[in-house]
Amino acid sequence: MSTIDLRSDTVTRPGPGMRRAMAEAEVGDDVFGDDPTVNRLQDACAERIGMEAGLFFPTGTQSNLAALMSHCARGEEVIVGQEAHTYRYEAGGMAVLGSIQPQPLQNRPDGSLDLAEVEAAIKPNDPHFAVTKLVALENTIGGKVLPRAYLADAVALARRRGLWLHLDGARVFNAAVKLGVPVDRLCEGFDTVSVCLSKGLGAPAGTVLVGRRDVIDRAKRVRKMLGGTMRQSGVLAAAGLYALAHHEDRLAEDHANAERLGRGLASLGLRVEPVQTNMVFVHVPRESEAPLRAHLASRGLMTLPGPRMRLVTHLDVDAAGIDRAVEAFASFFRAANLKSQI
Ligand SMILES: Cc1ncc(COP(=O)(O)O)c(C=O)c1O
């Protein structure tokens with residue numbers, strides 16, 4: 001029985017074409033800046049996102065942290081969502097390693113930050129306060145796409161108030177495919193964007209931070225400080241270039257599979273949140289959670305714990321796999337209903 005892993009879109013394994021590209025990559029020592037494949041990837045990403053320069057990182061966490069540390073000095077502040085990866089899921093790196101003060105704000109149900117609240121959170125120029133320097137957004141966030149008009153308003157606010165703007169664009173290609181617009185349109189006006197190659201795009205590792213050249217130059221020193229400057233990393237960059245060439249448009253399949261999964265689970269009477277991209281959030285009764293996960297595992301389905309279950313579609317799950325997943329849920333709830341009738 002093959003496994004269907006819906007824990008994350010990070011679980012994909014490189015296929016034969018990507019492995020060939022990696023094996024054949026022309027490499028050099030990137031500490032000296034002479035890995036041609038890394039240089040090509042950085043340039044390609046910068047061009048695609050409409051930025052001046054790019055910098056290759058091993059992970060999205062490090063790329064975000066380097067961006068924040070390049071925008072904010074010790075004691076300066078970033079306004080960020082409570083649900084943002086940079087704030088919630090990166091082990092407090094900005095505070096621990098960057099001495100940056102986060103000013104978290106509650107994300108609205110659509111994933112955005114209320115811009116009036118952002119403006120109100122900007123600290124006055126007074127020695128009591130940290131200096132507010134940066135606003136960080138995330139797109140997609142929890143699988144949701146930030147509306148284009150909202151992004152334009154966020155950029156206008158940042159410009160008006162003299163703040164920098166960072167985008168955690170780990171899944172910004174999902175957002176672009178969903179909206180049917182070129183990805184650079186969603187990044188217009190941002191000073192830096194962190195783009196993961198290891199999520200829906202299917203590379204085994206790697207994130208590119210793109211942005212203004214002066215910020216990327218600072219990020220290069222921060223990356224070195226954080227231990228993220230690699231040597232013959234063209235082997236990984238080749239996977240990233242392959243992913244950009246072959247796996248971008250097919251993100252639409254992941255979105256269609258997520259919709260299929262959402263519809264299937266809703267038809268079982270489960271509460272499913274509206275699906276926008278490649279993430280499905282389904283609510284299961286708390287008492288069913290552990291037995292359900294065990295049942296799903298017995299059917300080859302890997303999921304993360306939680307009564308609000310996050311299921312993520314990706315390159316290594318096709319429509320037949322989705323149907324198997326729905327059937328695994330269905331058989332659990334059929335059996336549970338039978339038991340409750342006895
Ligand atoms: C939105 C978002 N940003 C950043 C990251 C960090 O990426 P990495 O796991 O490569 O550190 C993740 C990882 O899941 C993510 O979902």
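Restricting the search to segment 123-142, which residues are in a loop (DSSP other than H, G, I, E, B) and in contact with a Gly (Cβ under 9 Å, 6 or more places away or on another chain)?
Ala130, Asn139, Thr140, Gly142
Could you say which residue among Gly81, Gly75 is surrounded by fewer than 14 Cβ atoms within 10 Å (Cβ to Cβ), in contact (Cβ under 8 Å) with a residue 24 or more places away in the chain and not aromatic (Phe, Trp, Tyr)?
It is Gly75.
Out of all the residues in segment 219-232, is one or more touching a helix residue (DSSP H, G or I) at 6+ places or on another chain (Cβ under 7 Å), part of a loop (DSSP other than H, G, I, E, B), away from the ligand (no atom under 15 Å from the Cβ) and open to solvent by 20 Å² or more (accessible area, probe 1.4 Å)?
Among the residues of segment 219-232, at least one is touching a helix residue (DSSP H, G or I) at 6+ places or on another chain (Cβ under 7 Å), part of a loop (DSSP other than H, G, I, E, B), away from the ligand (no atom under 15 Å from the Cβ) and open to solvent by 20 Å² or more (accessible area, probe 1.4 Å), which makes the answer yes.
Any residue at all in segment 296-304 that is of a type outside the set (Asp, Glu) and under 21 Å from Phe173 (Cα atoms)?
There is no residue in segment 296-304 that is of a type outside the set (Asp, Glu) and under 21 Å from Phe173 (Cα atoms).
Find the residue count for segment 64-89, including only residues that are aromatic (Phe, Trp, Tyr) and more than 16 Å from the chain's Cα centre (by Cα).
Going through segment 64-89 one residue at a time, the tally reaches 0.
Any residue that is open to solvent by less than 10 Å² (accessible area, probe 1.4 Å), among the hydroxyl-bearing types (Ser, Thr, Tyr) and within 15 Å of the ligand (Cβ to nearest atom) - is there at least one of those in segment 59-66?
Yes, segment 59-66 contains a residue that is open to solvent by less than 10 Å² (accessible area, probe 1.4 Å), among the hydroxyl-bearing types (Ser, Thr, Tyr) and within 15 Å of the ligand (Cβ to nearest atom).
Can you find, within segment 93-107, the residue that is nearest to the ligand (Cβ to nearest atom) among those that are surrounded by 13 or more Cβ atoms within 10 Å (Cβ to Cβ) and part of a loop (DSSP other than H, G, I, E, B)?
Only one residue tops the list, namely Asn107.
Name, by its number, the condition in (1) touching a Phe, Trp or Tyr at 6+ places or on another chain (Cβ under 9 Å); (2) open to solvent by 30 Å² or more (accessible area, probe 1.4 Å); (3) within 15 Å of the ligand (Cβ to nearest atom); (4) in a loop (DSSP other than H, G, I, E, B) that does not hold for Asp110.
Checking Asp110 against (1) touching a Phe, Trp or Tyr at 6+ places or on another chain (Cβ under 9 Å); (2) open to solvent by 30 Å² or more (accessible area, probe 1.4 Å); (3) within 15 Å of the ligand (Cβ to nearest atom); (4) in a loop (DSSP other than H, G, I, E, B), the one that fails is (3).
Given the conditions (1) touching a residue at least 24 places away in the same chain (Cβ under 8 Å); (2) part of a helix (DSSP H, G or I); (3) open to solvent by 20 Å² or more (accessible area, probe 1.4 Å), which single one is not true for Ala294?
Result: Ala294 passes all but (1).
Going through segment 194-214 one residue at a time, which ones are within 15 Å of the ligand (Cβ to nearest atom) and either more than 18 Å from Val38 (Cβ to Cβ) or assigned to a loop (DSSP other than H, G, I, E, B) (or both)?
Residues satisfying the conditions are Leu197, Ser198, Lys199, Gly200, Leu201, Gly202, Ala203, Pro204, Ala205, Gly206.
The values are calculated or read from the model by the stated rules, or taken from the named source; none is laboratory data. This one's a predicted model, so the numbers in the text were calculated from it and none came from an experiment. Backbone-built Cβ (ideal geometry, glycine too); neighbour counts: all protein chains shown. Only protein heavy atoms, including side chains, enter the accessible area calculation; ligands, DNA and RNA are left aside. Shrake-Rupley method; radii C 1.70, N 1.55, O 1.52, S 1.80 Å.
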